[in-house]
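Structure first, commentary second.
Just so it is clear, none of the values below were taken in a lab; they were calculated from the coordinates. No experiment lies behind these values; they were computed from the predicted model shown. Every residue, glycine as well, gets a Cβ built from its backbone with ideal geometry; the counts of neighbours run over all protein chains shown.
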Amino acid sequence: MIKEIIKYPTTPSKEFGANVRFFDETLFTLIQDLKETIEANHLSALSAFQIGSPLAVIVMKQANGEFLEIINPTVIKREGTIHPIETTAYFPGLSATTTRYEKIKVMYSDRDDKQHFLEADGELCVMLQRKIDYLFGANFRLRLSKEEEAVFDSKLEFGTDSITQNGCPTVFKRDKILQAIKALFVVGILALFGKLFLQETNITLLKMGENYLMLGMLFLTVIYFFYAQYEGKQYKHCSSCQIGNIIGTTLLSLLRVGFLFTLNAFIF
């Protein structure tokens with residue numbers, strides 16, 4: 001049966017880490033549920049804890065399409081350190097740079113209660129460590145450095161994986177929009193003074209151009225307001241990203257449009 005995968009912000013059950021003692025139909029049904037849930041969600045592996053079971057069971061889909069059933073796993077050997085970028089079904093759409101062992105050796109049982117050993121490295125090693133964490137009620141947030149944890153908490157808060165830092169940059173992409181608005185404003189002022197040197201037949205065209213220019217400034221101001229908020233969500237600890245600052249800058253741009261409109265009305 002396909003089960004619902006527990007996802008953030010749902011708090012998983014506090015019952016976890018229960019070693020399998022009875023290798024019976026209850027266990028076999030759980031394993032089948034894990035397989036069907038993996039297939040339905042196009043995943044590579046699941047631990048029983050992720051579908052609400054406290055039993056220490058992991059099912060992994062191998063490259064050949066067959067499933068590896070890992071029961072009561074115990075890490076008996078660890079080597080090296082790596083920092084992979086991980087994703088997990090509990091935090092859909094989000095990633096984080098974790099700290100993991102480069103190689104591990106795991107002792108586990110199969111469904112017939114026969115003991116096996118598995119040596120893993122690469123992606124298999126990272127995945128296996130992540131699933132074992134779940135068996136103890138944890139997730140990859142436990143494996144983050146203090147800096148990465150702060151970044152990941154911002155990702156959780158704003159619901160986006162695009163956050164890469166918590167500091168405040170000196171240059172924003174939205175500044176280019178402001179530069180375009182200022183450039184149009186300067187062009188508009190110069191065009192108004194240019195009326196003094198134009199013939200009457202060209203003034204109508206100049207007025208039409210001024211109207212389009214002001215509409216362009218207004219359109220860019222609206223784009224700036226919404227894009228600045230989107231960009232600001234990527235930097236949690238940054239005073240320049242706060243909504244008050246964005247509103248103030250937007251109002252300043254609107255004042256430029258209003259000033260140009262007033263001059264345009266009086267001169268034409």
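In the elastic network of the chain, a GNM with C-alpha springs shorter than 10 Å, the most mobile of Glu25, Glu231, Glu148 is Glu25. Checking the cross-link filter: which aspartates and glutamates have an alpha carbon closer than 12 Å to that of Lys105, excluding same-chain neighbours under 8 positions apart? List returned: Glu79, Glu119, Asp121.
In terms of Cα atoms, the Rg and Dmax of segment 25-158 work out to 14.9, 46 Å. Equivalent-ellipsoid semi-axes for segment 23-84 (Cα gyration tensor, √(5λ), whole Å, largest first): 22, 16, 11.
If you keep only loop residues by DSSP, which chymotrypsin sites (Phe, Trp or Tyr not before Pro) in segment 5-50 have at most 11 other Cβ atoms within 10 Å of their Cβ?
Phe22
The C-alpha atoms of the chain define a longest principal axis, and helix 175-194 lies at about 10 degrees to it. Here the chain is treated with +1 on each Lys and Arg Cβ and -1 on each Asp and Glu Cβ, and its dipole about the Cα centre works out to around 1100 debye. Helix 243-267 and the longest principal axis of the C-alpha atoms of the chain enclose an angle of approximately 20°.
Once you've got the Cα coordinates, tell me which of Lys3/Lys131; Lys7/Lys176; Lys77/Lys131 are over 28 Å apart. If you can, show how the numbers build up before the last one.
Numbers: Lys3/Lys131 17 Å; Lys7/Lys176 38 Å; Lys77/Lys131 17 Å.
Beyond 28 Å between Cα atoms: Lys7/Lys176.
The angle separating the long axis of helix 122-135 from the principal Cα axis of greatest extent in the chain is about 80 degrees. By other beta-carbon atoms within 10 Å, ranking Lys3, Lys207 with the fewest at the front produces Lys207, Lys3.
Computed from the Cα positions only, the extents of the chain along the three principal axes stand at 97, 36, 33 Å, in decreasing order.
A straight Cα-to-Cα reach below 12 Å connects Lys114 with the aspartates and glutamates Glu69, residues fewer than 8 places away in its own chain not being considered.
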